[in-house]
Amino acid sequence: MNLLGLTAADIMDRVTKIESGGKAAGRWKLRALKVEAVYISLFHEVKTLNSVLSTSSHKNVGDPLFTLISQVKSSCKLALKELSRWMTPEKVKTSLTTYPSSAEIVSEPLGVVLVISTWNFPFLLSLDPVIGAISAGNAVVLKPSEIAPATSSLLSRLVEEYLDNSAIRIVEGAVNETTALLEQKWDKILYTGSARVGRIVMAAAAKHLTPVILELGGKCPAVVDSNINLQVAVRRIIAGKWACNNGQACIGVDYIITTKDFASKLIDSLRYELEQFFGQDPMKSQDISRIVSSSHFARLVQLLDEDNVSDKVVFGGQRDENQLKIAPTILLDIPEDSRLMQEEIFGPLMPIQTVEKLEDSFEIINSKPKPLASYLFTNEEQLKKDFVQKISSGGMLINDTILHVVAEGLPFGGVGESGMGSYHGKFSFDAFSHKKSVLYRSFAGDASVRYPPYTPEKQRLLKALTSGNIIAIIFALLGWSKD
């Protein structure tokens with residue numbers, strides 16, 4: 001496939017010549033300049049970025065959604081600060097078997113990588129992995145989501161005007177273009193989106209034995225205990241659901257589990273805080289994102305109107321198809337076999353399921369595919385420990401929501417149905433690097449024991465050397481048997 005005048009092989013050839021030529025300091029400078037270019041583009045175009053995001057989501061530019069632009073800047077700053085250290089070969093110990101020797105792990109670029117982004121956080125989920133890929137010395141082809149055409153077009157312009165087009169290319173388009181890209185051989189693919197498309201990406205990658213990072217989603221639960229600061233907990237749940245793109249986020253809270261005795265108090269608190277944040281009529285709020293498309297709107301309405309579900313609404317439920325808006329909606333104890341409890345919601349609908357005791361929530365969570373994130377609100381230390389040990393999810397946060405993705409030292413990624421592989425900060429650099437094992441030896445210390453003929457004495461010594469047991473080695477050298 002021709003990528004704006006260059007094939008993937010052409011791009012790789014240019015990068016290989018640059019990466020293989022010159023000293024490490026030169027390679028560091030080249031990569032740093034590419035990362036710096038991303039930062040400069042964001043610095044100069046911040047007003048345009050906010051305008052496009054505001055138009056796309058119908059939200060105020062003060063919303064946390066737009067602070068994610070700052071998160072991309074932070075990723076740039078971290079890479080610029082730490083890149084030299086990341087690139088430095090890691091010294092490792094060697095064994096007695098290879099004595100005398102030294103060893104190191106060298107990070108080298110994989111080659112040409114494909115990043116297929118999504119629509120809900122288009123700049124963060126496009127540029128954050130790109131920063132990791134170029135920091136690791138790769139060439140990158142970025143495919144933004146066609147569902148957010150304005151942001152895709154802006155990304156294309158930013159790449160064209162600010163970034164190194166010999167190593168970073170952008171391909172716009174829809175299914176046909178993505179399909180054509182997936183037919184090519186890549187050195188790694190990172191895809192963010194649904195599990196359904198993730199399977200398509202993985203199947204296409206398997207034809208070329210291409211490794212993949214899949215950032216998918218799932219039903220992210222929030223377990224709420226009664227021994228908490230309820231106001232703070234509720235505000236943080238709202239921040240991780242309705243204030244986070246109106247629930248259209250892969251790490252957003254999908255459903256809540258609490259005890260039967262505490263449910264009414266939790267619902268009352270949610271109702272009060274939602275009205276404080278979004279007003280008596282949330283449909284008029286400038287802080288509520290619209291649903292991304294008419295098809296997504298229709299899907300959410302179907303979930304809400306399902307038999308044995310629609311009568312479970314205890315708060316909200318308003319909708320406006322013309323504005324593509326759905327109000328924050330809370331439902332209580334809907335059937336576990338309903339679509340709302342079987343599918344990722346990805347919208348402003350919030351089921352609350354009740355249990356007799358909070359430990360029963362573990363069974364509900366573990367009965368579903370592993371989520372991308374899981375949340376627990378409690379002051380009970382033993383419950384925290386049990387939650388961490390017994391619940392498997394891509395990430396986990398205790399007494400808050402979504403903030404784990406901004407912690408520089410934590411990887412972001414899924415497990416099972418919610419994805420595979422991870423990136424973020426140093427983990428991005430590692431994700432797009434090959435860790436090459438290198439052992440150095442001189443011509444000294446050449447032992448005849450490794451060469452034929454393999455006498456019984458040599459065999460005993462070889463066995464002792466490979467075991468690393470000093471006593472066994474001494475016995476073998478002395479011709480004694482340890483048995």
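Considering the stretch 328-345 alone, what residues qualify as being touching a Ser or Thr at 6+ places or on another chain (Cβ under 9 Å) and either of a type in the set (D, E) or assigned to a loop (DSSP other than H, G, I, E, B) (or both)?
Selection gives D333, E336, E344.
Kindly provide the set of residues from the stretch 400-420 that are among the hydrophobic types (A, V, I, L, M, F, W, C), open to solvent by 40 Å² or more (accessible area, probe 1.4 Å) and either in contact (Cβ under 8 Å) with a residue 40 or more places away in the chain or in a strand (DSSP E or B) (or both), ordered by number.
V406, V415, M420
Looking only at the stretch 157-183, which residues are part of a helix (DSSP H, G or I) and modelled with pLDDT under 85?
Those that are part of a helix (DSSP H, G or I) and modelled with pLDDT under 85: L158, V159, E160, E161, Y162.
Might you check whether a residue that is at pLDDT 95 or above, over 29 Å from K357 (Cα atoms) and open to solvent by 70 Å² or more (accessible area, probe 1.4 Å) occurs anywhere in the stretch 248-270?
No.
Among the residues of the stretch 276-308, write down those that are open to solvent by 60 Å² or more (accessible area, probe 1.4 Å) and assigned to a helix (DSSP H, G or I).
Listed by number, the residues that qualify are Q276, F277, K284, S294, S295, Q302.
Kindly provide the set of residues from the stretch 346-367 that are of a type outside the set (S, T, N, Q), part of a helix (DSSP H, G or I) and surrounded by fewer than 21 Cβ atoms within 10 Å (Cβ to Cβ), ordered by number.
Those that are of a type outside the set (S, T, N, Q), part of a helix (DSSP H, G or I) and surrounded by fewer than 21 Cβ atoms within 10 Å (Cβ to Cβ): E359, D360, F362, E363, I364.
Pull out all pairs, ordered by first then second residue, where Cβ-Cβ is under 8 Å, the residues are six or more apart or on different chains, the first lies in the stretch 240-266 and is in contact (Cβ under 8 Å) with a residue 60 or more places away in the chain and closer than 18 Å to L300 by Cβ, and the second is open to solvent by 10 Å² or more (accessible area, probe 1.4 Å) and of a type in the set (K, R).
N246/R290; D254/K219; Y255/K219
Give me a count of the residues in the stretch 447-458 that are more than 50 Å from the chain's Cα centre (by Cα) and either under 13 Å from W480 (Cα atoms) or assigned to a loop (DSSP other than H, G, I, E, B) (or both).
Number of matching residues: 7.
Of R196, R236, which residue is part of a helix (DSSP H, G or I) and in contact (Cβ under 8 Å) with a residue 40 or more places away in the chain?
Step by step, each of R196, R236 is checked, and only R236 is part of a helix (DSSP H, G or I) and in contact (Cβ under 8 Å) with a residue 40 or more places away in the chain.
What pairs can you find where one residue is in the stretch 309-338 and loosely packed, with under 14 Cβ neighbours inside 10 Å, the other is charged (D, E, K, R) and outside any loop (DSSP other than H, G, I, E, B), and their Cβ atoms are less than 9 Å apart, with a gap of 6+ or different chains?
Short answer, once both residue conditions are applied: Q318/K325; D333/K260; D333/K312.
The values are calculated or read from the model by the stated rules, or taken from the named source; none is laboratory data. All figures in this text were calculated on a predicted structure; none of them were measured in a lab. Reconstructed Cβ throughout: ideal geometry from the backbone, glycine too, with neighbour counts over all protein chains shown. The protein model used for the area step is the full one, side chains on, heavy atoms only, and it has no ligands, DNA or RNA in it. Shrake-Rupley method; radii C 1.70, N 1.55, O 1.52, S 1.80 Å.
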